[in-house]
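The values are calculated or read from the model by the stated rules, or taken from the named source; none is laboratory data. It should be emphasised that the depicted structure is a prediction, and the values quoted were computed from it without experimental measurement. Ideal geometry is used to build each Cβ from the backbone, glycine not excepted, and the neighbour counts take in all protein chains shown.
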Amino acid sequence: MEVLTLSRFQFALTAAFHYLYPPLSIGLGVVLVIVEALWLKTGRPIYHQMARFWTKVFALTFAIGVATGIVLEFEFGTNWATYSRYVGDVFGSALAAEGIFAFFLESGFLAVLLFGWDKVGPKLHFFSTCMVCLGAHFSAVWIIVANSWMQTPAGFQIVGEGLKARAEITDFWAMVFNPSSMDRLFHTLCGAWQAGAFVVVSVSAWYLLKRRHEDFARTSLRVGLIVGLVSSLLQLVSGHTSAQGVAKNQPVKLAAFEGLYETATNAPLTLFGWVDEANEKVIGPRIPGLLSFLAHNDRGKPVTGLREAAPHAADRPPLNFTFQLFHLMVGVGFGMIFISALGFLHFWRGSLFDKPWLLWLLVFSVLGPQIANQAGWFAAEVGRQPWIVQGLLRTSEGLSSPSVVSAGHVLTSIFLFSAVYLLLFAVFVYLLNDKIQHGPDDADLVPSGKLSLPERRRS
């Protein structure tokens, strides 16, 4: 296999594995803020127990996420040196901002969150929880800004020529608020909130099925279902606005998402199917006019097809792969709305706990956000091919020199990364299962030290 294919596969492997964890950290951070706020407000010991338990899960997820993310930065320099030189000014600013405003904030207060339960007051501990949660969100902000600039570049000029060409920032805020960054940020954060919420839902439903820690499970399930339902509905809104941005700024990608070859008004939306790339047509049930309406809020406005936006095959992404990933993301997204709404409705009616089939559905619902997040990221990245920076630098042009990185080097690293990542995943699953099997500590129902202040006030 050639270096380009192997390098792309290597980066996809490492990025996909890393992306299992940051959404969980962001979503669990929101849950931690909510339950600790409820404890401070109500003084109910069950909320203190919940905060202590879910903090342990958060810490495990955060640690694995940091470990798996470091390698990505090295890959920019080893496999993608030309690309790194080209975007270094842009990425350097965004990643420096992440380090200052996100990682330092998150890691600075993490020790207080994890070890300060009996050492600081409840308000200071809650403030630390909020800062860790905010830091996780800031990290997403700057990563999405950098990635969105690759999708819709803005606020820059090209300096130099040929292999020495590079993008130089001329307007920092135009770079930050490039045409796709805010829509993509909202969409990504909604997926992260879903990921964290459904971990809580899944574990709580499992406890209820096993008749263990039932008070804890009922209370956690209520919080998880509310966060899950709200974030799933927000995801529907963010997906719509993000797709409208794609229609405006990246028409080739939208056409690939829907397998649309001809520019058309009243353009149909394909529910599912298969793209016949040889004959340039899509096979599957379609709803006339819905794509035009979703893209422009007007059935009469045209949606650009591939024959107009990218007449040459070399300028098109892998169409069927992109099509299937996009529709998988959308299908799972609607499934998460249905599951969370069904679970919340039965919880509100008090009938959820008598329906083992629904509890099992909630147990496995933890997979939904992960599948949708992975499919969405792959669709977004594959859908802009063959460009690594849209309209400016092709993916094939971003590689390091073949004399520096050979196919054998990349293939060897893929095997080694796979082995290490399998080991890390096994450790993660083992430790997570150990924490779930152990369950919340009964001692956490009676806060000690300085964190017993809410209970003292109530008494």
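Kindly indicate which of Leu20, Leu32, Leu28 is under 21 Å from Trp193 (Cβ atoms), out of contact with any Lys or Arg (no Cβ under 9 Å at 6 or more places or on another chain), outside any helix (DSSP H, G or I) and aliphatic (A, V, I, L, M). Show your work before the answer.
Values: Leu32 fails: outside any helix (DSSP H, G or I); Leu28 fails: outside any helix (DSSP H, G or I).
Matching residue, one of Leu20, Leu32, Leu28: Leu20.
Does His213 satisfy the criteria of being touching a Leu at 6+ places or on another chain (Cβ under 7 Å), surrounded by fewer than 24 Cβ atoms within 10 Å (Cβ to Cβ) and of a type outside the set (Asp, Glu)? Spelling it out, it is not the case that His213 is touching a Leu at 6+ places or on another chain (Cβ under 7 Å), surrounded by fewer than 24 Cβ atoms within 10 Å (Cβ to Cβ) and of a type outside the set (Asp, Glu). Of Gly69, Gly88, Gly121, all but one fail to be free of Cβ contacts under 8 Å to residues at least 60 places away in the same chain and of a type in the set (Gly, Ala, Ser); the exception is Gly69. Checking each residue in segment 179-206 for being assigned to a loop (DSSP other than H, G, I, E, B) and surrounded by fewer than 22 Cβ atoms within 10 Å (Cβ to Cβ) picks out only Pro179. Of all residues in segment 349-370, one or more are in a loop (DSSP other than H, G, I, E, B) and crowded, with 19+ Cβ neighbours inside 10 Å.
When the residues of segment 133-144 are filtered to those that are closer than 27 Å to Gly383 by Cβ and out of contact with any Lys or Arg (no Cβ under 9 Å at 6 or more places or on another chain), the one that is surrounded by the most Cβ atoms within 10 Å (Cβ to Cβ) is Ala136.
As a summary of the residue check, Met175 satisfies the conditions (1) farther than 30 Å from Ser400 by Cα; (2) part of a helix (DSSP H, G or I); (3) over 19 Å from the mean Cα position of the chain (by Cα) except for the one numbered (1). Set side by side, the residues Arg349, Arg394 differ, and just one is under 28 Å from Arg184 (Cβ atoms) and of a type in the set (D, E, K, R), which is Arg394. For segment 270-286, the criterion of a residue being among the small types (Gly, Ala, Ser) and not in a loop (DSSP other than H, G, I, E, B) is satisfied by no position. Taking only pairs six or more apart or across chains, which ones have beta-carbon atoms under 7 Å, a first residue in segment 392-421 that is within 14 Å of Thr5 (Cβ to Cβ), and a second residue that is among the basic types (Lys, Arg) and part of a loop (DSSP other than H, G, I, E, B)? Taking only residues 6 or more apart or on different chains, not a single pair turns up. For the structure I just gave you, tell me whether Gly343 is assigned to a helix (DSSP H, G or I) and free of Cβ contacts under 8 Å to residues at least 60 places away in the same chain. No; evaluated as a whole, the condition is false for this residue.
Here's the yes/no breakdown for (1) surrounded by 20 or more Cβ atoms within 10 Å (Cβ to Cβ); (2) within 23 Å of the chain's Cα centre (by Cα); (3) of a type outside the set (Val, Ile, Thr):
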{"position": "Ile100", "(1), (2), (3)": "no, yes, no"}
{"position": "Ala111", "(1), (2), (3)": "no, no, yes"}
{"position": "Gly116", "(1), (2), (3)": "no, no, yes"}
{"position": "Val120", "(1), (2), (3)": "no, no, no"}
{"position": "Leu124", "(1), (2), (3)": "no, no, yes"}
{"position": "Ser128", "(1), (2), (3)": "yes, no, yes"}
{"position": "Val159", "(1), (2), (3)": "no, no, no"}
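Candidates in segment 15-54 are the residues that are surrounded by 22 or more Cβ atoms within 10 Å (Cβ to Cβ) and polar (S, T, N, Q); of these, the one that is nearest to Ser204 (Cα to Cα) is Gln49.
Okay, residues lined up against (1) modelled with pLDDT of 90 or more; (2) closer than 30 Å to Thr82 by Cα; (3) of a type outside the set (S, T, N, Q):
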{"position": "Pro369", "(1), (2), (3)": "yes, no, yes"}
{"position": "Leu393", "(1), (2), (3)": "no, yes, yes"}
{"position": "Leu399", "(1), (2), (3)": "no, yes, yes"}
{"position": "Ala419", "(1), (2), (3)": "yes, yes, yes"}
{"position": "Phe428", "(1), (2), (3)": "yes, no, yes"}
{"position": "Lys435", "(1), (2), (3)": "yes, no, yes"}
{"position": "Ala443", "(1), (2), (3)": "no, no, yes"}
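For segment 296-312, filtering for residues that are more than 30 Å from the chain's Cα centre (by Cα) and either in a helix (DSSP H, G or I) or surrounded by 19 or more Cβ atoms within 10 Å (Cβ to Cβ) (or both) leaves 2. Within segment 407-421, is there a residue that is part of a helix (DSSP H, G or I) and either acidic (Asp, Glu) or within 26 Å of Ile158 (Cα to Cα) (or both)? Taking every residue of segment 407-421 in turn, none turns out to be part of a helix (DSSP H, G or I) and either acidic (Asp, Glu) or within 26 Å of Ile158 (Cα to Cα) (or both).
Listed here are the residues, each with its yes/no results for (1) at pLDDT 90 or above; (2) β-branched (Val, Ile, Thr); (3) in a helix (DSSP H, G or I); (4) at positive phi.
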{"residue": "Leu229", "(1), (2), (3), (4)": "yes, no, yes, no"}
{"residue": "Leu233", "(1), (2), (3), (4)": "yes, no, yes, no"}
{"residue": "Leu294", "(1), (2), (3), (4)": "no, no, yes, no"}
{"residue": "Val332", "(1), (2), (3), (4)": "yes, yes, yes, no"}
